[in-house]
Amino acid sequence: MALLTLESVGFESDSQRIVSDVDLVIETGEFVTITGPSGSGKSTLLKLLASLLTPTGGMICYQGKDIETLSPMLYRREVSYCFQQPDLFGLTVRDNLRFPFEIRQADFSEEQAIRKLQEVDLPAAYLDKPVTQLSGGEKQRVALIRHLLFPPAVLLLDEVTAGLDAESKQVVLTLIRRVRGGGTTIVAVTHDAQELTEAARLITMEEGRVIHDESAGS
C-alpha cells in the first residue's frame, strides 16, 4: 500500500483554480522534490498534503485512508509541515523544543533537545537563548529540529533553505540527508539548484498541473 496517494486532487480559491487534477503516488522512504515557476501550485499542493488546506476536488489518502476522515492532530504528528518562514513561538528556544513533548503529554528531555541542537551546530547554551536573538538561519534550524524531536513518517519542506546564508543552508541540507537516511519520507518544494541536482525524484509543476515526474536514473 502506498504511503500517500493523490487522486485527481484540485484546489480552487476565489474561483481561481490553483491545483488541477493531480495524481501522485508517494511510497514509504521516498524523497520527492517538487519544483516549478512561481504560482505553479507547488506550495499549495504541499499544504494540501499537510492538511492545512482541504481539496476542493479529488482525494488524498494516507495509508489507504482519506485524510479528511483522520484526526487532524494525529495526522499532523505523522505528516509534519515545515514552513519557508520559521514559525517559532514563545520566548526561548527551550519553549519551542518543549512543545512536541507537551502535546504528547511527555516529560521534556533536555538531553534530547541539546543533542538535536548539536546536530545543527548550535551549542547547548542556545536552549535558553531568546528567539528574538536568533539569526534567520538559526531560526530555521530550530524550527526543523522541533519537527524532528519525534521523527514524523512524512516531512514536508516548503523552500526551507530559501534566503539562508551558505553555512546555514549546508547545515540544513546535511540534516535533511540524515533524516532521509533514517527512513523518513520527504516531500520538498524548492528552486535551489543544488537541491534540484540531488533530487531522487523530481516533479515539475506548471499552472497547477504536474507536467513532469522523473526518478533519478530513469
- Would you say residue 87 is surrounded by 15 or more Cβ atoms within 10 Å (Cβ to Cβ), acidic (Asp, Glu) and closer than 30 Å to residue 192 by Cβ? no
- Note on the structure: Inside segment 166-218, the number of residues satisfying the requirement of being in contact with a Phe, Trp or Tyr (Cβ under 9 Å, 6 or more places away or on another chain) and closer than 22 Å to residue 55 by Cα is 5
- Query: Does residue 71 satisfy being in contact (Cβ under 8 Å) with a residue 60 or more places away in the chain and either of a type in the set (Gly, Ala, Ser) or surrounded by 19 or more Cβ atoms within 10 Å (Cβ to Cβ) (or both)?
  - Reply: no
- Query: Which ones in segment 155-207 are in a helix (DSSP H, G or I), free of Cβ contacts under 8 Å to residues at least 60 places away in the same chain and more than 17 Å from residue 139 (Cβ to Cβ)?
  - Reply: 174, 177, 178, 179, 181, 193, 194, 197
- Message: So, restricting to strands (runs of 3 or more DSSP E) that lie completely within segment 1-120, which ones have at least 2 residues that are among the polar types (S, T, N, Q)?
- Response: 4-13, 16-26, 31-35
- Tally the residues that are without any contact (Cβ under 8 Å) to a residue 24 or more places away in the chain, under 23 Å from residue 77 (Cβ atoms) and hydrophobic (A, V, I, L, M, F, W, C), restricting the search to segment 107-154. 2
- Task: Pairs only if they're at least six apart or on different chains, beta carbon under 7 angstrom, first in segment 18-29 and farther than 13 Å from residue 187 by Cβ and touching a residue at least 12 places away in the same chain (Cβ under 8 Å), second charged (D, E, K, R) and assigned to a strand (DSSP E or B); list them, first residue then second.
- Result: 18/12; 20/209; 21/209; 23/7
- Query: Does segment 1-42 hold any residues that are within 18 Å of the chain's Cα centre (by Cα), surrounded by fewer than 16 Cβ atoms within 10 Å (Cβ to Cβ) and at positive phi, and which are they?
  - Reply: 29
- Message: If residue 151 satisfies all but one of (1) in contact with a Pro (Cβ under 8 Å, 6 or more places away or on another chain); (2) of a type outside the set (A, V, I, L, M, F, W, C); (3) modelled with pLDDT of 90 or more, what's the number of the condition it fails?
- Response: (1)
- Could you please let me know if residue 187 is crowded, with 21+ Cβ neighbours inside 10 Å and touching a strand residue (DSSP E or B) at 6+ places or on another chain (Cβ under 9 Å)? yes
- Item | Filter result for residue 62 (farther than 22 Å from residue 171 by Cβ, crowded, with 20+ Cβ neighbours inside 10 Å and not aliphatic (A, V, I, L, M)) | yes
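The values are calculated or read from the model by the stated rules, or taken from the named source; none is laboratory data. Nothing here was measured: the structure is a model prediction, and the numbers come from that model. Methodologically, a virtual Cβ is constructed for each residue, glycine included, from the backbone with ideal geometry; neighbour enumeration extends over all protein chains shown.
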